[in-house]
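Down below is the structure, laid out as structure tokens.
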């Protein structure tokens with residue numbers, strides 16, 4: 001036993017010595033960062049002053065609502081405030097999951113999200129690839145000027161145009177009548193809502209979304225194309241084997257961002273296109289939150305629905321990013 | 001270089017395809033312009049399909065005599081100007097310090113700001129906050145809750161970082177303070193990015209209706225987009241025509257013309273600015289994509 005302790009003692013000594021040194025180092029480091037901070041603040045106090053309103057803004061208008069989110073687990077009573085209202089656990093979530101609306105809302109939200117991703121995402125890529133093959137600069141400029149334009153129209157204007165064109169006596173139905181067909185009431189038909197939503201979205205955004213791919217294509221090294229041409233590759237082959245791989249990282253990043261927001265279908269356009277007759281396919285989570293929260297003042301319940309939605313969005317983004325990292329080398333972080 | 005046969009067919013197909021795309025995009029816009037300048041009778045009957053038929057400015061006359069539209073237009077102008085000034089100032093305040101590598105705690109502050117993209121309190125807690133702050137139905141609610149956009153901070157920061165370091169360092173050695181460096185050296189070099197920001201933000205203000213829908217109650221504070229929504233989407237046009245002494249059918253027709261004219265008037269500033277917008281917006285997307 002004594003032998004053992006003798007052999008242990010130096011080790012222990014060394015350990016305590018090492019710990020002490022580590023501790024001292026850490027203290028020194030702390031002191032050092034403290035000194036660095038003080039130096040930085042003294043030197044750049046103006047910069048911190050400039051940042052103050054910005055930080056206050058984010059604290060008040062972005063972080064305080066996060067704190068306010070606790071009302072999703074409470075029965076919010078205005079006179080008692082956020083803190084004073086009684087806790088009720090998952091009551092509001094359970095009510096939402098059990099409600100008649102739940103599956104309808106999920107189906108519509110996911111449906112519109114996936115449909116948009118499937119159609120609105122690839123079209124700008126094709127557009128960019130084809131614009132890249134145009135040799136006439138004037139023609140290219142003309143097409144670009146035209147397809148970017150709808151980006152600057154407001155949602156109200158785009159939906160207003162849509163309604164004017166699709167009325168029973170509107171432009172589209174006049175064409176249908178010209179060919180001997182019966183007029184269709186597009187706007188109130190639930191089966192058509194999603195297509196109208198997605199294709200008007202394509203009309204408005206395809207040009208603008210293609211800019212980022214056009215920029216990526218402009219960076220492709222022309223010597224790659226020259227080499228491929230000498231080897232006898234056709235235009236089409238060069239697009240497939242040179243251009244598409246070149247913009248792949250951009251495609252992946254944008255796909256992550258878009259796929260991550262599949263459940264985050266925006267309020268503005270859906271709400272404007274909604275009417276009593278197409279509700280069965282046009283009601284999504286964000287419009288439901290607006291109705292039950294702002295119009296019917298069920299604050300706790302709709303805060304719970306909103307929280308459910310943003311949690312899903314958050315995890316979707318993380319998941320898609322993770323998958324992209326595994327499959328490809330590109331990811332957001 | 002001579003094109004092979006397959007390349008030539010590809011070329012033809014490409015031009016045809018892009019021409020069709022351009023026509024599909026431009027036709028609805030042309031139709032609206034022509035419809036607003038035509039006798040509404042021909043628009044309803046389908047006889048007007050490309051160029052104005054029986055040219056008239058009647059609809060525009062009605063639009064500019066409508067008090068709601070004029071009022072909405074002025075409100076939007078007010079919200080856009082004040083909002084954009086605040087936005088650009090706040091973006092500079094955020095972006096400049098965060099572009100400085102010698103700023104301690106810059107990573108933490110950046111993370112603090114970027115986090116809000118990924119997770120937010122959502123509509124209801126924000127609404128309750130605005131209500132408790134007493135901002136409901138005021139001018140401020142149209143300007144302050146969206147005082148700065150994270151994405152634009154990132155774009156501007158990227159631009160500031162591209163300004164050569166030595167420029168600021170040598171100024172510092174000459175005894176120039178941070179405020180003066182920003183004001184006299186950095187900002188004069190940043191005209192392109194400031195122009196991009198002004199355009200980004202002002203188009204956003206001009207086109208938005210959500211903020212007003214949620215937070216405003218008085219009709220006389222409504223921006224143009226909400227008035228447009230009443231006319232185009234909810235079909236509330238009765239009060240606009242009841243003053244005129246036309247027959248019911250004629251009234252219906254003039255409402256049609258009015259809707260097209262309203263669409264044009266609402267986009268007039270954007271249409272006039274479009275050549276600038278296009279150039280600067282594309283530039284903005286490019287600056288942003290460096291980092292993105």
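The values are calculated or read from the model by the stated rules, or taken from the named source; none is laboratory data. Since we're looking at a predicted model, the values are computed, not measured. Ideal geometry is used to build each Cβ from the backbone, glycine not excepted, and the neighbour counts take in all protein chains shown.
Look at (1) surrounded by fewer than 20 Cβ atoms within 10 Å (Cβ to Cβ); (2) within 12 Å of chain B (Cβ to nearest Cβ); (3) within 27 Å of residue B:199 (Cβ to Cβ) and you find that residue A:177 fails only one, number (3). Just checking, does the stretch A:17-34 include any residue being in contact with a helix residue (DSSP H, G or I) (Cβ under 7 Å, 6 or more places away or on another chain) and within 11 Å of chain B (Cβ to nearest Cβ)? No: zero hits. The residue that is nearest to the other protein chains (Cβ to nearest Cβ), counting only those in the stretch B:215-225 that are part of a helix (DSSP H, G or I) and crowded, with 22+ Cβ neighbours inside 10 Å, is B:225.
Yes/no per residue for (1) on the phi > 0 side of the Ramachandran plot; (2) free of Cβ contacts under 8 Å to residues at least 60 places away in the same chain; (3) crowded, with 18+ Cβ neighbours inside 10 Å:
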position: B:13; (1), (2), (3): no, yes, no
position: B:19; (1), (2), (3): no, yes, no
position: B:24; (1), (2), (3): no, yes, no
position: B:31; (1), (2), (3): no, yes, yes
position: B:41; (1), (2), (3): no, no, no
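Summed over the stretch A:164-174, the residues that are at the interface with another protein chain (Cβ under 8 Å from one of its Cβ atoms) and either surrounded by 20 or more Cβ atoms within 10 Å (Cβ to Cβ) or modelled with pLDDT under 85 (or both) give a count of 4.
Within the set A:262, A:252, the sole residue that is more than 10 Å from chain B (Cβ to nearest Cβ), more than 20 Å from residue A:198 (Cβ to Cβ) and modelled with pLDDT under 90 turns out to be A:252. Going by the conditions given, is residue A:209 more than 9 Å from chain B (Cβ to nearest Cβ), within 30 Å of the chain's Cα centre (by Cα) and under 30 Å from residue B:232 (Cβ atoms)? When the stated conditions are applied, residue A:209 passes them.
Hey, among the residues in the stretch B:120-133 that are closer than 25 Å to residue B:88 by Cα and more than 7 Å from chain A (Cβ to nearest Cβ), which one's surrounded by the most Cβ atoms within 10 Å (Cβ to Cβ)? Break it down stepwise before answering.
Restricting attention to the stretch B:120-133, the residues satisfying the condition of being closer than 25 Å to residue B:88 by Cα are B:120-123, B:126-127, B:129-130, B:133.
Add one more test, that the residue is more than 7 Å from chain A (Cβ to nearest Cβ), and what stays is B:130, B:133.
Details: B:130: 21, B:133: 16.
Filtering the stretch B:120-133 for residues that are closer than 25 Å to residue B:88 by Cα and more than 7 Å from chain A (Cβ to nearest Cβ), the one surrounded by the most Cβ atoms within 10 Å (Cβ to Cβ) comes out as B:130.
Just to verify a result, which residue in the stretch A:220-236, among those that are within 38 Å of the chain's Cα centre (by Cα) and under 18 Å from residue A:134 (Cβ atoms), is farthest from the other protein chains (Cβ to nearest Cβ)? Within the stretch A:220-236, the match that is farthest from the other protein chains (Cβ to nearest Cβ) is A:220.
Here residue A:79 does not fit the description of being more than 13 Å from chain B (Cβ to nearest Cβ) and either assigned to a helix (DSSP H, G or I) or exposed (fewer than 14 other Cβ atoms within 10 Å of the Cβ) (or both). Restricting attention to the stretch A:127-161, the residues that are at the interface with chain B (Cβ under 9 Å from one of its Cβ atoms) and outside any loop (DSSP other than H, G, I, E, B) total 22. For residue B:85, state whether it is in a helix (DSSP H, G or I), within 21 Å of residue B:185 (Cα to Cα), away from every other protein chain (no Cβ under 11 Å) and out of contact with any strand residue (DSSP E or B) (no Cβ under 7 Å at 6 or more places or on another chain). It is true that residue B:85 is in a helix (DSSP H, G or I), within 21 Å of residue B:185 (Cα to Cα), away from every other protein chain (no Cβ under 11 Å) and out of contact with any strand residue (DSSP E or B) (no Cβ under 7 Å at 6 or more places or on another chain). Got at least one residue in the stretch B:194-208 being within 11 Å of another protein chain (Cβ to nearest Cβ) and outside any helix (DSSP H, G or I)? Yes: the stretch B:194-208 contains one or more residues that are within 11 Å of another protein chain (Cβ to nearest Cβ) and outside any helix (DSSP H, G or I).
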